[in-house]
1. Once you charge only the Cβ atoms, +1 for Lys and Arg and -1 for Asp and Glu, what is the size of the charge dipole of the chain about its Cα centre, to the nearest 20 debye?
2. Among A177, V4, N223, pick out the residue whose Cα is farthest towards the positive end of the charge dipole of the chain, where Lys and Arg carry +1 and Asp and Glu carry -1 on C-beta, about the Cα centre.
3. Check M87: other-chain or 5+ apart residues with amide H under 5 Å from its amide H, H built from backbone geometry?
4. Amide H of H2: which non-local residues (sequence gap of 5 or more, or other chain) have their own amide H closer than 5 Å, using H built in the peptide plane?
5. Name the shape class, rounded, prolate or oblate, that the alpha-carbon gyration tensor gives for the stretch 160-237, where a ≥ b ≥ c are the square roots of its eigenvalues, rounded holds for a/c under 1.5, and otherwise prolate holds if a/b is larger than b/c and oblate otherwise.
6. Starting from 0.36 nm per residue, how many nanometres of slack lie between L183 and R62 once their C-alpha separation is accounted for?
7. Please identify every one of the trypsin sites (Lys or Arg not before Pro) in the stretch 154-237 that sits in a loop by DSSP and has no more than 10 other beta carbons within 10 Å of its own beta carbon.
8. Can you tell me which of F114, F187, F47 moves the most in a GNM of the chain? Springs connect C-alpha atoms under 10 Å apart.
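The values are calculated or read from the model by the stated rules, or taken from the named source; none is laboratory data. On a predicted model such as this, the values are computed, not experimentally measured, just so you know. Note: ideal-geometry Cβ built from the backbone for every residue, glycine included; neighbour counts use all protein chains shown. All accessible areas refer to the heavy atoms of the entire protein, side chains included, with ligands and DNA or RNA removed. Shrake-Rupley method; radii C 1.70, N 1.55, O 1.52, S 1.80 Å.
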Amino acid sequence: MHAVILAGGKGVRLRPYTTALPKPLVPIGDQHAILEIVMRQLAGAGFTSCTLAIGHLGHIIRAYVGDGSQWGIRVDYTTEESPLGTMGPLLTMRDRLPENFLVMNGDVLTDLDFGDVLKRHIATAAPLTIATYARRVSIDFGVLTTDSGRVVGFAEKPSMDYRVSMGVYGVSREALARYTPGLPLGFDELVLDMLRDDNPPHAYEFDGYWLDIGRPDDYDRANAEFSLRRDLLIKGA
């Protein structure tokens, strides 16, 4: 099984931690970078090869990961010279990817079974499989429903339940065939095109542990929780 890790972003929301380090290499706990945890998890789930899509401070990621032999997984690289969006980097390597592969952000801390996501993706024959997570969003205002200048409904600080993308996907190479390498392609554009074509993605629903380390608050929470969840996240380490 093959995985692509998207690790080319600048991590602007996580500054100042990402001023000198690429976001996938910020440390979690006392010993491990996020990317090391991910690589261990991929190897443990049966992945034998991985492509790292790098850009900002990519030379540091290369120096840290090397060829992946320390985790028993074969690693190669593709470099993003200019921003290409979430899915754009896949187009530049499309011809050397297998028919089905896993794609994930390099800053996800989760106990999701990555191998099962890809196996389910292959079994459903969907063009795209999106790992999803239930989140409740609280609105800090009174919400009004209006019609022709009249207030016809009111809810005081309501909460809304959504299923959100975890930043982990099963992708079929065929799903990328219509797009031009070298041009940006966002996850949103890919999904909207599939819905427009009545060729919808498959949802892989997950209710375990998931934390998108995108902001300083998320990073602080990850470090606070890591000692309690270490054995769950890094089995056998």
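1. Values: 24 positive and 30 negative charges, 56 e Å.
Dipole magnitude for the chain comes out near 280 debye.
2. In the chain, that residue is N223.
3. L185, G186, F187
4. Close amide H contacts, sequence-distant or interchain: L102.
5. prolate
6. Working: separation 121, 0.36 × 121 = 43.56 nm, distance 2.44 nm.
Net length gain for the segment: 41.1 nm.
7. Details: sites: R163, R173, R178, R196, R221, R229, R230, K235; in loops: R178, K235.
Those satisfying the criteria are R178.
8. Its mean-square fluctuation being the largest, the pick is F187.
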